[in-house]
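The values are calculated or read from the model by the stated rules, or taken from the named source; none is laboratory data. Keep in mind that what you see is a predicted model, and the values were worked out from it rather than measured. Here the Cβ is made from the backbone with ideal geometry for all residues, glycine too, and neighbour counts use every protein chain on show. Heavy atoms of the whole protein, side chains included, go into the accessibility calculation; ligands, DNA and RNA do not. Shrake-Rupley method; radii C 1.70, N 1.55, O 1.52, S 1.80 Å.
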Amino acid sequence: MTEPATIFVLFGATGDLAARMVLPAFYTLARKNLLPPQWRLIGNGRGDVAHEDFRQKVRDSLEQYGSGVEEDVWQDFSRRLLFAGGGFDESGPGSLLDVIRDVEDELDDEAEPNFVHYLAIPPVAFEQTAKALKQHGLTDRARVVFEKPYGTSPDGFRQLDDTVHEILDEEQIFRIDHFLGKEATQNLHVLRFANQTFAGVWHRDHVAAVQIDVPETLDVANRAAFYDATGALRDMVVTHLIQVAAEVAMEPPLSLGAEDLQQARESVIAAFRPLTPQDVVLGQFEGYRDLEGVADDSRTDTFCAVRLWIDTARWHGVPFLLRTGKRLAVGEQRVSLLLKPVEGPLPTPEEPGAISLSLAGSGSLEADFVLKRPGAGIRLATVRQTLELKDVKDADPLDPYVALLNDVLTGDRSLFTSSAGLEQAWRVVDPILRDKPEPHPYEPGSMGPEAARELAAPTGWLIG
């Protein structure tokens, strides 16, 4: 039996997110032969753009933000790209339904096509677009991809989620979190559950602290208005870092299937304690209020450090230290388990040993070993070994968006956040959002406010 055709509808197709992330990911799927045999991509937007002009915009995106185009791949890829203008809401579908009908006539399949609706649009438009999909009969045989943030407050999340669930089943909903799609994040599962060496130390008896660091050197000038209404706590901690913390902290799932993985993440997030002011340090880099689009008296946090406690037998008493911010000294994406020293006859090393995964790019694994320094007498040396995941035999690393879009096609929701998991994440940060501490000023090029260092005592931050 022939596989049904798939029609991708990319809402916000001429926007920045589509250009930088989504369209290059689609092209990579085509280049790797990971798309269905029969597919079409229909870009949607308010303006009227001819099909050929849209194809040129896509090519420009691939050349600017992707890895360029291969002419033989491009010829087949580009002929499947179309555009439907005139907007899309409950009052009218623009030309989208007409273009879909043209595609269905062209495909001339006996089986009705499947749909993937990708909402690369501002979050404020999620609710009305979901309603419009229902209004115009586009929810059958459909999967809907929501970009982050999926809600900007606990109440806003619940309202959006209630509306979406009136329209779609949970199995149709794919909430993107590109941190879960990273190769190294996925490798957390295999590293822990397939290696006795690491499985044995994944416990409070051996781990002094867990640190999840995403410092950025970047400014927010090109999205200052959005950022001023959001801040680091909402933009990074709720959306990404709590989910990564759950990947580290979860109990072994029954399997690596989607339902079991999601259940394992949800269960451990439910054990995260709500944050208190004593466990949070917010910061704002000096000069932030001078940016265009930022209020002169803005209290928005451009830095956030969190000390998270998890009430499970495995992690009770172990601080999970989450840190992220703008205009910091280094750019990193790293998960580190700081190990307790081994009790015995040898002196304690000056620096704690660590198991560390870089989440950037294709990812890497670093592990510290204390060894005898070759030579006379017993002198200790700490040696760090690094394994680049791209160097693993037959490696074919996927960009997070490519990996996640491939999972949307196959219906695999294991790397996507669930409704229940997000509800618990909002519960954790709700006390701070309701009464946010005043952000501490910090110098651009530093590692944030000095007060943040106190959260990491006595281990200290591994980075910076």
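Which GluC sites (Glu not before Pro) in region 396-463 pass both tests, a DSSP loop state and at most 16 other beta-carbon atoms within 10 Å?
Loop-located and lightly packed - 450.
Of 14, 84, 38, whose Cα points farthest to the positive end of the dipole of region 1-155 (charges on the beta-carbon: +1 Lys, Arg; -1 Asp, Glu; origin at the Cα centre)?
Positive-most Cα among the choices belongs to 14.
Assign unit charges at the C-beta atoms only (+1 for Lys and Arg, -1 for Asp and Glu), then state the dipole size of the chain relative to its Cα centre in Debye, rounded to the nearest 20.
Using Cβ point charges on Lys, Arg, Asp and Glu, the chain gives about 1680 debye.
Measuring from centroid to centroid over Cα atoms, what is the spacing of region 305-335 and region 233-288 in Å?
Comparing the Cα centres of region 305-335 and region 233-288, I get a distance of 9 Å.
Counting only trypsin sites (Lys or Arg not before Pro) that sit in a DSSP loop (anything but H, G, I, E, B) with at most 10 other Cβ atoms within 10 Å, what is the longest stretch of the chain containing none of them? Walk me through the numbers before you get to the answer.
Details: sites that count: 379, 393.
Here the longest segment lacking exposed loop sites spans 1-378.
Rounded if a/c is under 1.5, else prolate if a/b beats b/c, else oblate: with a ≥ b ≥ c from the C-alpha gyration tensor eigenvalues square-rooted, which is region 384-464?
Taking the square roots of the gyration eigenvalues as a ≥ b ≥ c, region 384-464 is oblate.
Rounded, prolate or oblate: which fits region 261-391, taking a ≥ b ≥ c as square roots of the Cα gyration tensor eigenvalues, rounded meaning a/c under 1.5, else prolate when a/b beats b/c?
Note, shape of region 261-391 comes out prolate.
Treating only the Cβ atoms of Lys and Arg (+1) and Asp and Glu (-1) as charged, compute the dipole magnitude of region 47-137 about its Cα centre; round to the nearest 20 debye.
For this selection, approximately 500 debye.
Measuring with a 1.4 Å probe in the full set of protein chains, what accessible area per residue, in whole Å², belongs to region 41-164?
48 Å²
At a threshold of 8 angstrom on Cα-Cα distance, excluding pairs fewer than six apart, so keeping six or more, what relative contact order does region 24-133 reach in percent?
29 percent
Which links in 148/326; 340/390; 148/182 stretch past 21 Å when you go from one Cα to the other? All intermediate terms of the calculation are to be shown ahead of the outcome.
Values: 148/326 18 Å; 340/390 30 Å; 148/182 16 Å.
Checking Cα-Cα distances, 340/390 exceed 21 Å.
Just how much of residue 58 is accessible, in Å², when a 1.4 Å probe is used and the result is rounded to the nearest 10?
Only protein atoms counted, so the area is about 0 Å².
Nearest 20 debye, what's the magnitude of the dipole of region 311-464 about its Cα centre given +1 on Lys and Arg Cβ and -1 on Asp and Glu Cβ?
Charge dipole, region 311-464, about its Cα centre: 340 debye, nearest 20.
Which GluC sites (Glu not before Pro) in region 219-320 sit in a loop by DSSP (not H, G, I, E or B) and have at most 16 other Cβ atoms within 10 Å of their own Cβ? Could the numbers behind the result be given before it?
Details: sites: 247, 259, 266, 286, 292; in loops: 286, 292.
Those that pass, being in a loop and sparsely packed, are 286, 292.
Which aspartates and glutamates does residue 57 reach when only Cα atoms under 14 Å apart count, and residues fewer than 8 places away in its own chain are ignored?
16, 48
Specify whether the C-alpha gyration tensor of region 1-128 places it in the rounded, prolate or oblate class, a ≥ b ≥ c being the square roots of the eigenvalues: rounded for a/c under 1.5, otherwise prolate if a/b is larger than b/c and oblate if not.
Since a/c reaches 1.5 but b/c is at least a/b, the shape of region 1-128 is classed as oblate.
With the dipole of the chain worked out from charges on the C-beta (+1 for Lys and Arg, -1 for Asp and Glu) around the Cα centre, which of 288, 344, 241 lies farthest toward the positive end?
Final value for the positive-end residue is 344.
Quick one: Kirkwood hydrodynamic radius for the chain, alpha-carbon pairs, angstrom, one decimal?
23.9 Å
Could you order 166, 71 by accessible surface area, starting with the largest, using a probe radius of 1.4 Å?
Largest accessible area first, the list is 166, 71.
Over region 275-350, give the accessible area per residue in Å² for a 1.4 Å probe, as an integer.
47 Å²
Sorted from largest to smallest, which semi-axis lengths in Å does the alpha carbon gyration tensor of region 137-216 give for its equivalent ellipsoid, taking the root of 5 times each eigenvalue?
35, 17, 12
So, in Å, what gap is there between the alpha-carbon centers of region 71-85 and region 202-225?
Measuring centre to centre over Cα atoms gives 39 Å.
Mind listing the phi-derived Karplus ³J(HN,Hα) values for region 299-305, rounded to whole Hz, using 6.51, -1.76 and 1.60 with θ = phi - 60°, and x for any glycine or proline?
Calculated HN-Hα couplings, in order: 10, 5, 7, 9, 9, 8, 10 Hz.
Give me the distance in nm between label points sitting 7 Å out from Cα along the Cα-to-Cβ direction at residue 316 and residue 101, one decimal.
Each label point lies 7 Å from its Cα, and together they span 6.5 nm.
Which listed residue (197, 184, 209) has the Cα farthest towards the positive end of the charge dipole for region 179-249, taking +1 on Lys and Arg C-beta and -1 on Asp and Glu C-beta about the Cα centre?
Positive-most Cα among the choices belongs to 197.
Against the longest alpha carbon principal axis of the chain, how many degrees, from 0 to 90 and to the nearest 10, is the axis of helix 51-65 turned?
10 degrees
Could you please state how large a percent of the accessible area of the chain is carbon and sulfur, counting protein chains only and using a 1.4 Å probe? Intermediate values should be presented prior to the final figure.
Numbers: 9970 of 20830 Å².
Solvent-exposed carbon and sulfur of the chain make up 48 percent of the total.
Using only DSSP helix segments of four residues or longer, with each worth -39500 (n - 2.57), what per-residue ellipticity at 222 nm results for the chain after dividing by its residue count and rounding to 500? Walk me through the numbers on the way to the answer.
Working: 14 runs with 140 residues, N = 464.
The helix-only estimate for the chain comes to -9000 deg cm²/dmol at 222 nm.
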